[in-house]
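Novice: Pasting a structure here, questions to come.
The values are calculated or read from the model by the stated rules, or taken from the named source; none is laboratory data. All of these numbers come straight from a predicted model, not from anything done at the bench. Positions of Cβ are backbone-derived with ideal geometry, glycine not excepted, and every protein chain shown enters the neighbour counts. For accessibility, only protein heavy atoms count, side chains too; no ligands or nucleic acids. Shrake-Rupley method; radii C 1.70, N 1.55, O 1.52, S 1.80 Å.
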Amino acid sequence: AFPVMRKLNIPSIVFMVTDNFGVAPRWNMPDGHPEARELLMSANQMDCAIHDQLCRFGSHTQTHPDLAAIPLQEAQREMVESKTILENILGVPVNKLALPHGSYNADIVKVAQEAGYKNIFTLEPNLISGKNNKVIGRFSMSPDVWRIEFLLTCAGVYSWLYPWRRIFRLFRAILNSIRK
């Protein structure tokens with residue numbers, strides 16, 4: 001994707017799971033998930049991409065756990081160790097965190113801020129307002145989305161039509177199960 005993004009001058013933030021450099025995801029994914037066997041970016045690829053002004057990196061923890069479902073000390077270790085590993089590789093501060101599965105609670109946000117994360121992203125459709133938001137909504141995109149869903153997401157439609165995204169996903173799942 002980088003050559004196309006560079007050509008079109010599209011910036012990106014890549015959120016890294018530091019125990020998964022250059023391998024397929026080791027966390028649980030639904031059967032048949034289109035990204036289950038995709039190799040993740042390696043540390044060498046990251047090193048090459050950091051020199052591209054359009055590419056930035058953030059943490060996605062060390063092993064991609066549901067942070068709100070594990071002990072707080074373990075969640076803290078996941079966030080801190082991932083941040084440290086990334087900073088050592090990149091040679092720059094890492095202050096962005098994407099919460100695995102979008103899962104969090106007030107304690108997770110507090111621990112993330114104490115670890116030095118300034119931008120914390122979830123999968124909820126929170127809009128950034130004039131207030132100092134602690135958690136920023138984002139939309140994930142995967143290779144199996146319909147073209148219309150991709151275009152609507154890029155156009156910002158889901159920022160106010162989030163329930164429709166759930167309907168699209170349900171409808172797609174039903175169609176996929178019928179085809180099998």
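Novice: So, with +1 on the Cβ of K and R and -1 on the Cβ of D and E, and no other charges, what is the size of the charge dipole of the stretch 1-133 about its Cα centre, to the nearest 20 debye?
Specialist: Charge dipole, the stretch 1-133, about its Cα centre: 480 debye, nearest 20.
Novice: Once you sort the root eigenvalues of the Cα gyration tensor of the stretch 20-119 as a ≥ b ≥ c, which label holds: rounded (a/c under 1.5), prolate (a/b larger than b/c) or oblate (the other case)?
Specialist: The shape class here is oblate.
Novice: While we're looking at this one, here's another question. Taking θ = phi - 60°, what integer Hz values does the Karplus form 6.51 cos²θ - 1.76 cosθ + 1.60 yield along the stretch 27-37, in sequence order, with x for Gly and Pro?
Specialist: Each residue of the stretch 27-37 in turn: 8, 5, 10, x, 4, x, 4, x, 9, 4, 10 Hz.
Novice: Each residue of the stretch 98-106 in turn: what ³J(HN,Hα) in whole Hz from Karplus with 6.51, -1.76, 1.60 and θ = phi - 60°, glycine and Pro shown as x?
Specialist: After applying 6.51 cos²θ - 1.76 cosθ + 1.60, I find 9, 6, x, 6, x, 8, 6, 8, 4 Hz.
Novice: Label points 7 Å out from Cα along the Cβ direction at ALA24 and LEU151: separation in nm?
Specialist: 3.3
Novice: Output wanted: per-residue J couplings in Hz (rounded whole) for the stretch 42-47, from phi through Karplus 6.51 cos²θ - 1.76 cosθ + 1.60, θ = phi - 60°, x for Gly and Pro.
Specialist: Result, rounded to whole Hz: 8, 5, 5, 5, 4, 4.
Novice: Nothing charged except the Cβ atoms of Lys and Arg (+1) and of Asp and Glu (-1): what's the magnitude of the dipole of the stretch 1-43 about its Cα centre? Round to the nearest 20 debye.
Specialist: Here the stretch 1-43 has a charge dipole of around 240 debye.
Novice: Got the relative contact order for the stretch 1-129 handy, in percent, Cα pairs under 8 Å and 6 or more residues apart?
Specialist: That works out to 24 percent.
Novice: Let me ask something additional. Provide ARG6, ARG26 ordered by accessible surface of protein heavy atoms (probe 1.4 Å), highest first.
Specialist: ARG26, ARG6
Novice: Follow-up question, since we're still on this one. Taking R0 as 45 Å, what FRET efficiency do you get between ASP31 and LEU8 from their Cβ-Cβ distance, rounded to the nearest 0.05?
Specialist: E between ASP31 and LEU8, to the nearest 0.05, is 0.85.
Novice: Still on this model: Quick one: check the C-alpha center-to-center distance for the stretch 96-119 versus the stretch 1-24, whole angstrom.
Specialist: Here the two parts' Cα centres lie 21 Å apart.
Novice: Which cross-chain or sequence-distant (5 or more) residues have an amide H under 5 Å from the amide H of ILE136, H modelled 1.01 Å from N in plane?
Specialist: Residues meeting the criterion, in which the H sits 1.01 Å from N, are ILE120, PHE121, THR122.
Novice: Follow-up question, since we're still on this one. If amide H atoms are built 1.01 Å from N in the plane of the peptide, which residues on other chains or at least 5 residues away come under 5 Å of the amide H of VAL14?
Specialist: Here ARG56, PHE57, GLY58 satisfy the definition.
Novice: What figure, in Å² to the nearest 10, do you get for the accessible area of CYS154 with a 1.4 Å probe and non-protein molecules left out?
Specialist: 90
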